[in-house]
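Take a look at the structure below.
The values are calculated or read from the model by the stated rules, or taken from the named source; none is laboratory data. None of the values given here were measured: they were computed from a predicted structure. For neighbour counting, all protein chains shown are included, and Cβ atoms are generated from backbone atoms with ideal geometry for every residue, glycine included.
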Amino acid sequence: MASHGSSDSSCNLSNEASEESIIYISDTEENFDDQDVLVQEPRDDIKPGYVCPDFKSGFVKELIDSDGIGILYSHQCGLALFNVNDVFENNRRVDFASMSPEQRRQTLSAEFGFVEVRFEGMEYQAISSDCILRQAGLLWIGCPPDHLQRYLRSDEHRAALQRDRQILLEKIQNREIMNVDLVRTRGKIVGYLTNDLGIIECCDNPQNRRTFVLFHVTDIFFFRSLYALERHDERLQDKIPVGLIVFFDAVSIGQDVKGVCYYACGVFVGAWPRSPHPTSLPGGPGSHSSCYGRQLSQTFYYLRTGLKESIDRRVKLFSDTCSSMQGPLHYHFSQDGKVIRNTREHSLWREENAPFRFRGPAPRGPREMNFLFSRKTPSGEVSQFSHIKAEKVKQEKN
C-alpha cells in the first residue's frame, strides 16, 4: 500500500471490485487475497459487519458531540458515521485536540478518503428504513495510511467503532436530537429587531398562512461561508438587506410570540454550503420542504448535542426583546438602509456580493434527497478519486 509521500496517481485508492462487491466478515472467510479485501476476525462481543473493498471519499456533514462523532456524506454511499479520532494524515493520526478552532475547522472541511463498513439488522430500524448503518472504519487525508488492515483488525479499534454506533443509536432512540420542521424552505427577510436578531417571512408555508421565523446572525451562511467568521465592513442590514430571498432550516419554538412560531437554525444566503444539512430518519412527525417535494414521509433532524439549549437561549433573548414592545414587532430601519424591491435590485445585489460567477439559473423542481442512511446509493455523483480509476483503466487499455 502506497504511503502518503507517493504521488496521487500511484495511490491505491480503488481495486477492480465493483461498489456492490461487499465481503462479509466472519471466521469462514479463508481464501481471500490480503491485498484485495479487508478481513477482520469476529469477536463474540463485537458485531461483525461488511467491509467494502472500494475506498470511498466524503466530507463532514455534521459533528454530533465533543467526543468527535459525526456524519459524513459520501458521493458513493450516502451517509456514514465517523469519528475524528480515526483520521490519518502522513501515516499519523490527526491530533484534533491540539489544534486551534480555525485549524480544526480547516481540516474538517477537507475531502476524506475512508474504508466503508456496513452493518445490517433490526437494531438499526430507527436509523434507516433499510435497517442499515454505514460507518467509516478508518479515514485519511491524501493517501491511505500504511498497515491499514492492521488498524481495522485491532480489537480495541473495532470496540471503539461499536461504541460510536451505540452512542448514535441511543441518541436517536432517546430523541436527544432536534427535528427540523421546515427544511431548505424559501423565505424573505422582512426586518431586523437588533444588530443580531432578524425576522424571515416564509414564502412556502405548509399552513397556507403568514408565518414568521426568527434568526440570529451566528446561524447565517453567506455564499457557503459562516457569516460570523468573516470580516464585513457593512452592517448586517446592508449586507443581507430587507427583501432578500433566502433559504432556511427551521424548528418550531412551541409558541407564538407576536406571530413568530419558528427559529431558523440555519439561514442560507446565496449558494448553499456543503454542510450543515439535517439528516433524514424514518418516521417522526414529518418535515416540510420547498426543494425536496413538500411534505416528506421521513423527518429531518439535526443530531448535534446542545442545539436545543442554544435555540432556547436565542428564543429567550427574542422574548425579552419583545416584552417591552406594544403591539406588533418594531423593526429597526435606517434612512440609508438597503432594501430589495424587485428582481433587478436582487441581480445587482448578487453581482456586488457573490464571490464567484453563477452558471445559469438554479435547478427547478424537487431535488433528489440523499441525506439518509440507505441501501440505495446517491445517483449522478462523482468522486474526487474517479479520475484515478479512469487513468488506471486508460493505462490498461494501452
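Odds and ends about this structure:
- Residue match in segment 286-295 (condition: without any contact (Cβ under 8 Å) to a residue 40 or more places away in the chain and surrounded by fewer than 21 Cβ atoms within 10 Å (Cβ to Cβ)): yes
- Hits in segment 160-188 - residues which are out of contact with any helix residue (DSSP H, G or I) (no Cβ under 9 Å at 6 or more places or on another chain) and in a strand (DSSP E or B): Asn179, Val180, Leu182, Val183, Arg184, Thr185, Arg186, Gly187, Lys188
- Boolean, Gly266 is at positive phi and either assigned by TED's automatic domain parsing to the domain that holds Leu214 or touching a residue at least 24 places away in the same chain (Cβ under 8 Å) (or both): no
- Residue in segment 117-134 that is modelled with pLDDT of 90 or more and under 13 Å from Gly58 (Cβ atoms) present: yes
- Reported count of residues in segment 106-138, each being farther than 15 Å from Arg375 by Cα and in contact with a Leu (Cβ under 8 Å, 6 or more places away or on another chain), is 9.
- Residue in segment 174-184 that is closer than 20 Å to Tyr331 by Cβ and not aliphatic (A, V, I, L, M) present: no
- Flag if Ala228 is touching a helix residue (DSSP H, G or I) at 6+ places or on another chain (Cβ under 7 Å) and either assigned to a loop (DSSP other than H, G, I, E, B) or assigned by TED's automatic domain parsing to the domain that holds Asn83 (or both): no
- For Gln237, the conditions (1) closer than 13 Å to Ile189 by Cβ; (2) at pLDDT below 90; (3) surrounded by fewer than 20 Cβ atoms within 10 Å (Cβ to Cβ) all hold with the exception of (3).
- Those residues of segment 291-341 which are in contact with a Gly (Cβ under 9 Å, 6 or more places away or on another chain), among the hydroxyl-bearing types (Ser, Thr, Tyr) and modelled with pLDDT under 85, in sequence order: Ser297, Tyr331
- Residues considered: Val242, Val217, Val213. Of these, the only one that is more than 29 Å from Leu108 (Cα to Cα), modelled with pLDDT under 95 and of a type in the set (A, V, I, L, M) is Val242.
- The one condition in (1) surrounded by fewer than 16 Cβ atoms within 10 Å (Cβ to Cβ); (2) under 30 Å from Ser252 (Cβ atoms) that Ser129 fails to fulfil: (1)
- Lys392 satisfies every condition listed in (1) surrounded by 15 or more Cβ atoms within 10 Å (Cβ to Cβ); (2) at pLDDT below 90; (3) in a loop (DSSP other than H, G, I, E, B) except (3).
- Residues of segment 167-206 classified as touching a His at 6+ places or on another chain (Cβ under 9 Å) and either crowded, with 19+ Cβ neighbours inside 10 Å or not small (Gly, Ala, Ser) (or both), total: 15
- Close pairs (8 angstrom Cβ cut-off, 6 or more residues apart or separate chains): within 30 Å of Thr299 (Cβ to Cβ) in segment 234-251, among the polar types (S, T, N, Q) anywhere: Phe247/Thr185; Phe247/Ser290; Phe248/Thr185; Asp249/Thr185; Ala250/Thr185; Val251/Asn179
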